[in-house]
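What follows is one structure encoded as structure tokens, with my remarks underneath.
The values are calculated or read from the model by the stated rules, or taken from the named source; none is laboratory data. Keep in mind the model is a prediction, meaning the values are calculated, not measured. Here the Cβ is made from the backbone with ideal geometry for all residues, glycine too, and neighbour counts use every protein chain on show. For accessibility, only protein heavy atoms count, side chains too; no ligands or nucleic acids. Shrake-Rupley method; radii C 1.70, N 1.55, O 1.52, S 1.80 Å.
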Amino acid sequence: HIDSQQDAEAKATLEKAIQLHPQFVSAYAALGDIYERLEQFQLAVKQYEKASSLVPGNVDITYQYARVLYNTGERDQMQKAIEMWLALVDTHPDHSNGLFSLGIAAERIGNKPKAIEFYTKVLQLNPENEDIKKKIQSLK
């Protein structure tokens, strides 16, 4: 109950902040995070879409926007997310979260070799990460 009350208060505060400052990118992103936590994915997508339009090419916003799209579970939005992550790692090949997300996406559709490829790139960037080592091993 407390969490839902805090979410409602945070939503109201963020919506007011956006009203006062329509270019407030962080407020859109935070509101998107709240909607995602509440599993209101389309509202989350809308917030990240707006944030992304205000700062085109921002790596963090692009990654999060794609993540929210993917988490909708809707095929077309998941495909758009994958395309966004591919573009992201093309321009930022050391973006571990983008690579990891692509690994998850490949694994989800049963493409183990591609998943291993993406996870191996994550491991090269984070050689001490035991979880990614286990992940790769489980797919072999």
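Note on region 75-98: residues that are hydroxyl-bearing (Ser, Thr, Tyr) and either open to solvent by less than 30 Å² (accessible area, probe 1.4 Å) or closer than 14 Å to Val122 by Cα (or both) amount to 1.
Looking at Glu128, Glu107 in this structure, which one is out of contact with any Phe, Trp or Tyr (no Cβ under 9 Å at 6 or more places or on another chain) and either more than 19 Å from Gln64 (Cβ to Cβ) or open to solvent by less than 80 Å² (accessible area, probe 1.4 Å) (or both)?
Step by step, each of Glu128, Glu107 is checked, and only Glu128 is out of contact with any Phe, Trp or Tyr (no Cβ under 9 Å at 6 or more places or on another chain) and either more than 19 Å from Gln64 (Cβ to Cβ) or open to solvent by less than 80 Å² (accessible area, probe 1.4 Å) (or both).
For region 20-53, a residue qualifies if it is more than 20 Å from Gln6 (Cβ to Cβ), in a helix (DSSP H, G or I) and not aromatic (Phe, Trp, Tyr), and the qualifying residues are Leu20, Val25, Gln42, Val45, Lys46, Glu49, Lys50, Ala51, Ser52, Ser53. The residue that is nearest to Glu15 (Cα to Cα), among those in region 27-56 that are among the acidic types (Asp, Glu), at pLDDT below 95 and open to solvent by 50 Å² or more (accessible area, probe 1.4 Å), is Asp33. Every test in (1) over 28 Å from Val45 (Cβ atoms); (2) part of a helix (DSSP H, G or I) is passed by Glu128 save one, and that test is (2). Note on region 57-74: residues that are modelled with pLDDT under 95 and open to solvent by less than 30 Å² (accessible area, probe 1.4 Å) total 1. As for region 7-22, it holds no residue that is open to solvent by 30 Å² or more (accessible area, probe 1.4 Å), within 30 Å of Lys140 (Cα to Cα), touching a helix residue (DSSP H, G or I) at 6+ places or on another chain (Cβ under 7 Å) and not aliphatic (A, V, I, L, M).
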